[in-house]
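Visitor: So that we are looking at the same thing, I have put the structure below in structure tokens.
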Amino acid sequence: MSTPASSSRIAGFHKLPIADRVEAVARFAGLEPGECAHLLDTGNLPAELADHLIENVVGTMNIPVGIATNMRIDGEDRLIPMATEESSVVAAVCNAARQCYDAGGFTTSMSGTLMIAQIQLTGVGDPQLARLRILERKAEVQASCDACDPVLLQLGGGFRDLEVRVLETRGGTMVITHIVVDTRDAMGANAVNTMAEKLAPQIAGWTGGRTNLRILSNLADRRLARARCVWPLAAIGGEAVRDGMLSAYHFADADPYRAATHNKGIMNGISAVVLATGNDTRAVEAGAHAYAARNGRYASLTHWEVTAEGDLAGSIELPMAVGLVGGATKLHPTAKIALKVLGVRSAEALARTIAAVGLAQNFSAMKALATTGIQKGHMALHAQNIAMMAGALGEEIERVARVLVAKGTVRIDVAEAELKALRAG
Ligand code: MEV
């Protein structure tokens, strides 16, 4: 008996060619031929490549890539490719960067390119002794880790440090080993996970315990990217604007409800560059939010203060586990071009650039919020321009703009259709 079209049990789905998978999904979901054709049009990502990047591929999802202009980072001008579906995100970076360009732009730095992998050990009766037994084997741990990746070693990376923590948990005492590895231009997940998996049986042997998880930590706090910038008072519009922005920062730093939104805005910029360069947005986001809560209370990822001259100084510091090799960075054709546009030659330079984008994004969000507000400042104004471009006159402009904002589609074709409907009564 063949499987009914309403069943999600589709045997061998992963082995089917893409077109057959689409057909199976179409049967299940009642997709029209046009919708199937849409899925099968994978645009500028070859279907074959998509099929190798993930499992069970039936299509691709296009996201606009915009370029943020005006960025000056460590004395160099850079164009920043950003992949995002959200309006105002690219414009926000352009605006913030324009207002600090003449003053020198952004200065960045990085703590290093070290990743941590964790090995969980349970069932040891003498956890403190076990901890020391593991630490005493540092040379063996180093040899075991470095043997996993000779290429990384040649590139100057490899094992750097060993840390062992005794952790009290609901499930009893655990001994957690951290291997700290310099992964250079790779994000490093594969490298450190391989090392951790190889090391686990040795740790179990040295201690008599049972190893369980062996996986990297996304709280990449040995891979901190930093950026700072001073916005001259005159460029931002005077003391009232500056003080409103500072107050917005103080609010975010004191209140997790606000900090979540404040940091979401920062991640609007950061994730857009991470995605455009084919890096792992979820890894960077997890690291950022965990770092924001590192002192026991979720707080702002940025810091803002007034300089002796009365200007507004902003800074950001957060984990930035991104790479130039591995994953989609070297495979996705758009990511490869994005990296060429960025012109960064190391994972460190990429991470530092991304931190600067996060700071710029935060500047613009706080400025808009502390002055005209996000909706009024961006959407309503933009919608009115589009309404006028569509030919709206007098009070038609406001009426068409309101509909565009309500629909969330501020587009000339929609504005023209709305205007036509309005005039038809
Ligand atoms: C919207 O995507 C981002 C903001 O909410 C950020 C913020 O509130 O700081 C505008």
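Visitor: Output the number of the condition that ASP102 fails; it satisfies all remaining conditions of (1) free of Cβ contacts under 8 Å to residues at least 40 places away in the same chain; (2) among the acidic types (Asp, Glu); (3) exposed (fewer than 15 other Cβ atoms within 10 Å of the Cβ).
Guide: Condition not satisfied by ASP102: (1).
Visitor: Could you please give the count of residues in segment 369-390 that are closer than 16 Å to GLU86 by Cα and surrounded by 17 or more Cβ atoms within 10 Å (Cβ to Cβ)?
Guide: 5
Visitor: If you don't mind, another one. Could you check segment 267-309 and list, in sequence order, the residues that are surrounded by fewer than 17 Cβ atoms within 10 Å (Cβ to Cβ) and away from the ligand (no atom under 16 Å from the Cβ)?
Guide: Answer for segment 267-309, where residues must be surrounded by fewer than 17 Cβ atoms within 10 Å (Cβ to Cβ) and away from the ligand (no atom under 16 Å from the Cβ): ARG282, ALA293, ARG294, ASN295, GLY296, ARG297, GLU305, VAL306, THR307, ALA308, GLU309.
Visitor: Counting just the residues of segment 355-391 that are polar (S, T, N, Q) and within 13 Å of the ligand (Cβ to nearest atom), which one comes out modelled with the lowest pLDDT? Break it down into steps so the answer makes sense when it comes.
Guide: Narrowing segment 355-391 to residues polar (S, T, N, Q): 361-362, 364, 371-372, 375, 384-385.
Pick out the ones that are also within 13 Å of the ligand (Cβ to nearest atom) and you get 361-362, 364, 371-372, 375.
Values: GLN361: 98, ASN362: 98, SER364: 97, THR371: 94, THR372: 87, GLN375: 70.
Among those residues, the one meeting the criterion is GLN375.
Visitor: Could I ask something else about it? Output the residues belonging to segment 162-209 that are farther than 11 Å from ILE134 by Cα and without any contact (Cβ under 8 Å) to a residue 40 or more places away in the chain.
Guide: Across segment 162-209, the qualifying residues are VAL166, LEU167, GLU168, THR169, ARG170, GLU197, PRO201.
Visitor: Going by the structure shown, is GLY208 over 29 Å from THR372 (Cα atoms), of a type in the set (Gly, Ala, Ser) and either within 16 Å of the ligand (Cβ to nearest atom) or surrounded by fewer than 16 Cβ atoms within 10 Å (Cβ to Cβ) (or both)?
Guide: Answer is yes for this residue.
Visitor: Next question. Identify the residue in segment 1-55 that is among the acidic types (Asp, Glu) and over 22 Å from GLY278 (Cβ atoms) and, among all such residues, is surrounded by the fewest Cβ atoms within 10 Å (Cβ to Cβ). Quick ask: steps written out before the conclusion?
Guide: Narrowing segment 1-55 to residues among the acidic types (Asp, Glu): 20, 23, 32, 35, 41, 48, 51, 55.
Within this subset, residues satisfying the condition of being over 22 Å from GLY278 (Cβ atoms) are 20, 23, 32, 35.
Values: ASP20: 13, GLU23: 15, GLU32: 9, GLU35: 15.
Ranking the candidates gives GLU32 first.
Visitor: Same structure again: Taking the condition of being part of a loop (DSSP other than H, G, I, E, B) and farther than 20 Å from GLU86 by Cβ, how many residues in segment 391-425 meet it?
Guide: Kept after step one, since they are part of a loop (DSSP other than H, G, I, E, B), are these residues of segment 391-425: 391-394, 408-411, 425.
Now restrict to residues that are farther than 20 Å from GLU86 by Cβ: 391-394, 425.
Total satisfying the criteria: 5.
Visitor: Then there's this: Go through (1) buried (at least 16 other Cβ atoms within 10 Å of the Cβ); (2) modelled with pLDDT of 95 or more one by one and return the number of the condition ASP149 breaks.
Guide: (2)
Visitor: Right, here's the next one. Determine whether segment 337-347 contains at least one residue that is over 18 Å from THR113 (Cβ atoms), surrounded by 19 or more Cβ atoms within 10 Å (Cβ to Cβ) and touching an Asp or Glu at 6+ places or on another chain (Cβ under 9 Å).
Guide: For segment 337-347, residues over 18 Å from THR113 (Cβ atoms), surrounded by 19 or more Cβ atoms within 10 Å (Cβ to Cβ) and touching an Asp or Glu at 6+ places or on another chain (Cβ under 9 Å): absent.
Visitor: Could you check segment 228-314 for helices (runs of 4 or more DSSP H) lying wholly inside it with 1 or more residues that are more than 19 Å from ALA92 (Cα to Cα)?
Guide: Fully inside segment 228-314 and qualifying: 239-254, 256-276, 281-292.
Visitor: Name the one entry in LEU219, LEU213 that is within 27 Å of the chain's Cα centre (by Cα) and assigned to a loop (DSSP other than H, G, I, E, B).
Guide: Working: LEU213 fails: assigned to a loop (DSSP other than H, G, I, E, B).
The conditions single out LEU219.
Visitor: If you go through segment 310-323 one residue at a time, do you hit one that is over 15 Å from ASN279 (Cβ atoms), in contact (Cβ under 8 Å) with a residue 40 or more places away in the chain, within 16 Å of the ligand (Cβ to nearest atom) and in contact with a Lys or Arg (Cβ under 6 Å, 6 or more places away or on another chain)? Reasoning before the result, please.
Guide: Just the residues of segment 310-323 that are over 15 Å from ASN279 (Cβ atoms), to begin with: 310-317.
Still in the running and in contact (Cβ under 8 Å) with a residue 40 or more places away in the chain: 310-317.
Checking which are within 16 Å of the ligand (Cβ to nearest atom) leaves us with 312, 314, 316.
Filter again for in contact with a Lys or Arg (Cβ under 6 Å, 6 or more places away or on another chain), leaving 312.
Among the residues of segment 310-323, at least one is over 15 Å from ASN279 (Cβ atoms), in contact (Cβ under 8 Å) with a residue 40 or more places away in the chain, within 16 Å of the ligand (Cβ to nearest atom) and in contact with a Lys or Arg (Cβ under 6 Å, 6 or more places away or on another chain), which makes the answer yes.
Visitor: Quick one: would you say ALA365 is surrounded by 24 or more Cβ atoms within 10 Å (Cβ to Cβ) and under 32 Å from the mean Cα position of the chain (by Cα)?
Guide: It is true that ALA365 is surrounded by 24 or more Cβ atoms within 10 Å (Cβ to Cβ) and under 32 Å from the mean Cα position of the chain (by Cα).
Visitor: Taking interchain pairs and intrachain pairs at least six residues apart, which have beta carbon atoms under 6 angstrom, with the first residue in segment 238-266 and touching a residue at least 24 places away in the same chain (Cβ under 8 Å) and more than 10 Å from the ligand (Cβ to nearest atom) and the second in a loop (DSSP other than H, G, I, E, B) and of a type in the set (Gly, Ala, Ser)?
Guide: From residues that are touching a residue at least 24 places away in the same chain (Cβ under 8 Å) and more than 10 Å from the ligand (Cβ to nearest atom), the pairs are ASP253/ALA299; ASP253/SER300.
Visitor: Please note which helices (runs of 4 or more DSSP H) are completely contained in segment 28-144 and include at least 1 residues that are under 27 Å from ALA347 (Cα atoms) and not β-branched (Val, Ile, Thr). Steps first, please.
Guide: Values: elements: 33-40, 47-53, 89-101, 127-135.
Correct list: 47-53, 89-101.
Visitor: Quick one: in segment 315-345, of everything that is among the polar types (S, T, N, Q) and part of a helix (DSSP H, G or I), which residue is nearest to VAL180 (Cα to Cα)?
Guide: THR329
The values are calculated or read from the model by the stated rules, or taken from the named source; none is laboratory data. Source: prediction; values computed, not measured. When we count neighbours, we look across all protein chains shown, and the Cβ atoms used for this are built from the backbone with ideal geometry, even at glycine.
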